[in-house]
Amino acid sequence: MEDYLVMKDITKVYDNGIMANDKVNFSARKGEIHAICGENGAGKSTLMKMLFGIEQPNEGEIIVKGEKVKLSSPIVAIQHGIGMVHQHFMLVPSLTVAENVILGIEPTIGMRFDRAKAIKMTEEVSKKYNFDINPRARVSDLAVGTKQKVEIVKALVRGCDILILDEPTAVLTPQETKELFVQLKSLRESGHTIIFISHKLNEVKQLCDRVTVIRHGHTIGVYDVDKVSEADISRYMVGVDVDLEIHKEPAKPSSDVLVVDKLTAFNEAGRKTLSDISFTVRRGEIVGIAGVEGNGQRELVNTITGFMPVTQGNVSLLGHDISKLSINQLRQYGMVHIPEDRNAMGVASNMSIGENILADKMDDPRYNNRLLTNPKNMKEDVDKWIKEFTVLCSSGEQRIGNLSGGNVQKVVVAREFTNFSELLICDQPTRGIDVGATEFIRNRMVQMRDAGKGILLVSADLGEVMSLSDTLLVMYGGQIVACFRDVKNLTEEELGYYMLGIKKMTPEQIGGAFYAQA
Amino acid sequence: MHKPKKFSLKNLSVLTRYSILRMTVAILIGLSLAAVLIVCTAKDPAKALYYFFIAPTLNITYLSYWIDEAVLLILMGVAVCIMFSANQFNLGLEGSFYLGGFTACLSGLYLTGIKDVPFLSPTVSLLLAGIVGALVTLIPALLKKKWNASVMVSSLMMNYICLYFGMYLLFAFFKDPATSKHTYQLSETSQLLHFVTNTKINTGIFIAIIVTFLGWLFLYHTKLGVKVREVGQSAVFAKYCGINVTTVAIIAQVIGGFIGGLGGGVRMLGLFDRFNWTELTGYGWDGITIAIFAHNNPKNVPIAALFIAYLRAGASVMSYKAGVQTELTSVVEGIIVLFLLAERFLSGTYRKMIFQEASAKREDEQKQLAGKEVK
């Protein structure tokens, strides 16, 4: 079979000087599901952005259906039949499914928008490929899995026969993933080419025909999926054998650090975002919170860390009512926080690594002489921590925006974990970072636990919450719907039922999360 | 393509080299445009160009135009640097400058007991000017804190309040009846010391140097300054780090306003013996131009200020020697700022520079690898 799509010797250097792709080669055939594997920061997304016209390569050529093309924008890419489903959906929540699907290619009668035709177009495509979606539903009311289907239909309606799916399963529950795979396979039958970006190797094995492995911006090779094992792919991806298994002793929890008691919160529209949340984090344990994103995790973390006021209920840190404390005081009492969005909140990207590491410590007498700062002590600690946290950089004076995601996150962890701490709030601590940094950060968390800190871990990565947590809570619709004390014997499947809201524990069972004395 | 020739240039980061290139190209475009305009409008273009480009170096009088202007631009540049480092677009420096000048004059005229003591009198006057200037920028900052009023809009309005309030006071209470719009005359002791004969060059120079140094020290070597920059870079990040964002922002505006008022005082006591300003001077806006040139770092302010002041001194000599309008310099300044602010200006060249740098690094690494394998 000849190649339907070829990307040849593609090189891309970003404006911050990082060479994300270095002479990368990639090709896909008609009617195959082709996986691109590589760890975070390897350059998969960059390659796909160039294929979808979001970024332009510095070197190399792209050949689609035998024709050399210049993909200067997504519009051009779509004209060539290339569609992309992003990890973060590009949908207008207030519009209906049909309106979203035809956005930009609106059918009209004269000057008017032809709603009936829009619905018909959506229905036709979704019936043809067996997508079960209601064109009249409002997107804001849809589940994550359904939103993804809308994205796929959107691409199909535009006549795309090459579909790029950027980590589509990252936001799905195991059940939704299964359903997606059935649909992707049927698309393959009808001659569509699907490019599947993932680092979940079991999924690649289940679904794909071939796999291209990328490492540090280089193509490592193209393999037939049935001829390589998961272990092989993983070794190609990382270059060495890695051990992502977390080795930890059973937790020895002691006194309470964080007590959340009947916390309830509302959003601006008055809708409940948190309802009656109660749990305790004790010294020496990791409490994990699993759940599909958008089920109240963000509101919970924002409330605990002082970004949102406590509206109803109580939250206390070591017996201090947090509603009376500023963020600065919370930090002084020993709360440290790895925020969900490191680029928006975790760092100031135009400042240096050193300034970022010390950003919250400027009041420390160690860094101040009488009036001026003490550059000697500052440099000493920055250099020490860069080494200790293995941040890959030329010096502490380097601009942090020029580092890779994994190294930026290490700087965040270095700043937070070197503070005086009692409670660690780790919100998606390893999202989007490479395996080495992930392993490092997870092990650090276990070390901190063993040193007697209380840790609250919020993560959409099921593997992460399951391997790290001593107690695991599941959030659905702003509530805690499950509490597992015995995480080891829990299956992803079982967890999925709770995440989807299909199963729910009784209040007595959930009450196990709450130890505080009345 | 810009290729580093000197070894020292090579050591600079791509970003720095790119900034220098951008700045150079922008200035060249601005100056060429000025030259074209002069040639088109002047009766004697050769004479006009001559004065425009080298007048300030011709004699001590012309030189003093340059220096006096630079001193004011430096002060206002540093003031804006500090406010903009905290990302506070407080535009009230015009008002600070105006009332600062007025305050300094009144202080020199009416503070009995002090006004005849040399050195002490101008010092007190300048301090008072600074305090009044700080109040001017503080008001919009407080309005923001209390009622979330846009700092930009309220500070702009403040400028006019300051101007008309000042003029009202001047005409109602402080005018010398023998003049049309002037206060009484300041004594020598109340003014800044003029230490070069036949010029207005004054001790304001030293104030500008000290303020620049202190401004840089503050932003880069004090904990409050670091916090100011954190707030400016990302308010969310600063809040997350436990910094009281509102307070830090207010402090930055107060410091900026103080320096702005000081600038007005220096102009008043250095260049005038009576206060007679009946319109806003424009130095507050100039500060913004300078801060943009200086990337909000006081360290770079003197160079930027000397450059702009040179253009202005040249233009003013040209205007009475060759009859070309001084407004020409505003055109040049405007063009340069426009190019510096246009993010995409020369971005293609930047991409190429970055790409070359990365390719060179890749080749180095490959060579090293090859070397290792041979061993």
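The values are calculated or read from the model by the stated rules, or taken from the named source; none is laboratory data. As the structure is a prediction and not an experimental result, all values here were calculated from the model. Here Cβ is always computed from backbone atoms with ideal geometry, including for glycine, and neighbour counts include all displayed protein chains.
Looking only at the range A:415-467, how many residues end up being among the β-branched types (Val, Ile, Thr) and outside any helix (DSSP H, G or I)?
Residues flagged as among the β-branched types (Val, Ile, Thr) and outside any helix (DSSP H, G or I) within the range A:415-467 amount to 6.
Looking only at the range B:157-180, count every residue that is part of a helix (DSSP H, G or I) and among the polar types (S, T, N, Q) and tell me the total.
1
Give the residue, chosen from A:281, A:259, A:287, A:228, that is among the β-branched types (Val, Ile, Thr), out of contact with any helix residue (DSSP H, G or I) (no Cβ under 6 Å at 6 or more places or on another chain) and outside the structural domain of residue A:320 (by TED's automatic domain parsing).
Of the residues listed, the single one that is among the β-branched types (Val, Ile, Thr), out of contact with any helix residue (DSSP H, G or I) (no Cβ under 6 Å at 6 or more places or on another chain) and outside the structural domain of residue A:320 (by TED's automatic domain parsing) is A:228.
Within the set of pairs 6 or more residues apart or between chains, which connect a residue that is closer than 13 Å to residue B:25 by Cα inside the range B:334-359 to a residue that is aromatic (Phe, Trp, Tyr) and modelled with pLDDT under 85 with Cβ atoms less than 8 Å apart?
If the second residue must be aromatic (Phe, Trp, Tyr) and modelled with pLDDT under 85, the pairs left are B:339/B:345.
Do any strands (runs of 3 or more DSSP E) lying entirely in the range A:1-87 carry at least 1 residues that are surrounded by 22 or more Cβ atoms within 10 Å (Cβ to Cβ) and touching a helix residue (DSSP H, G or I) at 6+ places or on another chain (Cβ under 9 Å), and which ones are they?
Those strands (runs of 3 or more DSSP E) span A:3-13, A:19-29, A:33-37, A:59-64, A:82-85.
Taking residue A:358 as meeting all but one of (1) over 16 Å from residue A:414 (Cβ atoms); (2) touching a residue at least 24 places away in the same chain (Cβ under 8 Å), write down the number of the exception.
Condition not satisfied by residue A:358: (1).
Return yes or no: is residue A:134 surrounded by 13 or more Cβ atoms within 10 Å (Cβ to Cβ) and in contact with a Leu (Cβ under 6 Å, 6 or more places away or on another chain)?
For residue A:134, the condition - surrounded by 13 or more Cβ atoms within 10 Å (Cβ to Cβ) and in contact with a Leu (Cβ under 6 Å, 6 or more places away or on another chain) - is not met.
With B:19, B:64 as the choices, which residue is hydroxyl-bearing (Ser, Thr, Tyr), assigned to a helix (DSSP H, G or I) and at pLDDT below 90?
Among B:19, B:64, only B:19 is hydroxyl-bearing (Ser, Thr, Tyr), assigned to a helix (DSSP H, G or I) and at pLDDT below 90.
Any residue at all in the range A:496-515 that is of a type in the set (S, T, N, Q) and either buried (at least 17 other Cβ atoms within 10 Å of the Cβ) or assigned by TED's automatic domain parsing to the domain that holds residue A:169 (or both)?
Quick first cut of the range A:496-515, residues of a type in the set (S, T, N, Q) only: A:506, A:509.
Pick out the ones that are also either buried (at least 17 other Cβ atoms within 10 Å of the Cβ) or assigned by TED's automatic domain parsing to the domain that holds residue A:169 (or both) and you get none.
Within the range A:496-515, none of the residues are of a type in the set (S, T, N, Q) and either buried (at least 17 other Cβ atoms within 10 Å of the Cβ) or assigned by TED's automatic domain parsing to the domain that holds residue A:169 (or both).
Show the residue pairs meeting these rules: Cβ distance below 6 Å; 6+ apart or different chains; first residue within the range A:148-161 and in the same structural domain as residue A:81 (by TED's automatic domain parsing); second residue among the basic types (Lys, Arg) and surrounded by 24 or more Cβ atoms within 10 Å (Cβ to Cβ).
Here the result reads none, with nothing in the range A:148-161 linked to a residue that is among the basic types (Lys, Arg) and surrounded by 24 or more Cβ atoms within 10 Å (Cβ to Cβ).
Quick one: residue B:42 ticks every box in (1) among the hydrophobic types (A, V, I, L, M, F, W, C); (2) modelled with pLDDT of 90 or more; (3) over 27 Å from residue B:299 (Cα atoms) bar one, so which box is it?
Just one mismatch for residue B:42, condition (2).
Is there a residue being at positive phi, within 14 Å of chain A (Cβ to nearest Cβ) and surrounded by fewer than 22 Cβ atoms within 10 Å (Cβ to Cβ) anywhere in the range B:279-293? Show your work before the answer.
Just the residues of the range B:279-293 that are at positive phi, to begin with: B:282.
Then keep just the ones that are within 14 Å of chain A (Cβ to nearest Cβ); that gives none.
No, that holds for no residue.
More than 7 Å from chain B (Cβ to nearest Cβ), of a type in the set (S, T, N, Q) and touching a residue at least 24 places away in the same chain (Cβ under 8 Å): is that true of residue A:329 in this structure?
Here the answer is no, as residue A:329 does not meet what is asked.
Farther than 30 Å from residue A:202 by Cα and among the hydroxyl-bearing types (Ser, Thr, Tyr), is that true of residue A:11?
Criteria not met by residue A:11.
Does the range B:317-328 include one or more residues that are touching a residue at least 40 places away in the same chain (Cβ under 8 Å), among the polar types (S, T, N, Q) and within 14 Å of another protein chain (Cβ to nearest Cβ)?
Within the range B:317-328 (the criterion being touching a residue at least 40 places away in the same chain (Cβ under 8 Å), among the polar types (S, T, N, Q) and within 14 Å of another protein chain (Cβ to nearest Cβ)), the answer is no, since none of the residues qualifies.
Condition check ((1) under 18 Å from the mean Cα position of the chain (by Cα); (2) under 27 Å from residue A:276 (Cα atoms)) across all residues:
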residue	(1), (2)
A:430	yes, no
A:443	no, no
A:452	no, no
A:455	no, yes
A:486	no, yes
A:503	no, yes
A:506	no, yes
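Return the only residue of A:354, A:306 being within 12 Å of chain B (Cβ to nearest Cβ) and at positive phi.
Values: A:354 fails: at positive phi.
Answer to the check: A:306.
Within the range A:148-168, does at least one residue satisfy the condition of being of a type in the set (Val, Ile, Thr) and at pLDDT below 90?
Checked the range A:148-168: no residue is of a type in the set (Val, Ile, Thr) and at pLDDT below 90.
Take residue A:252 and decide whether it is touching a strand residue (DSSP E or B) at 6+ places or on another chain (Cβ under 9 Å), in contact (Cβ under 8 Å) with a residue 12 or more places away in the chain and not β-branched (Val, Ile, Thr). Before the answer, list the steps.
Values: touching a strand residue (DSSP E or B) at 6+ places or on another chain (Cβ under 9 Å): no; in contact (Cβ under 8 Å) with a residue 12 or more places away in the chain: yes; not β-branched (Val, Ile, Thr): yes.
So residue A:252 fails the test.
Which is over 21 Å from residue A:207 (Cβ atoms) and either among the aliphatic types (A, V, I, L, M) or not assigned by TED's automatic domain parsing to the domain that holds residue A:164 (or both), of A:69, A:85?
From the options A:69, A:85, the qualifying one is A:69.
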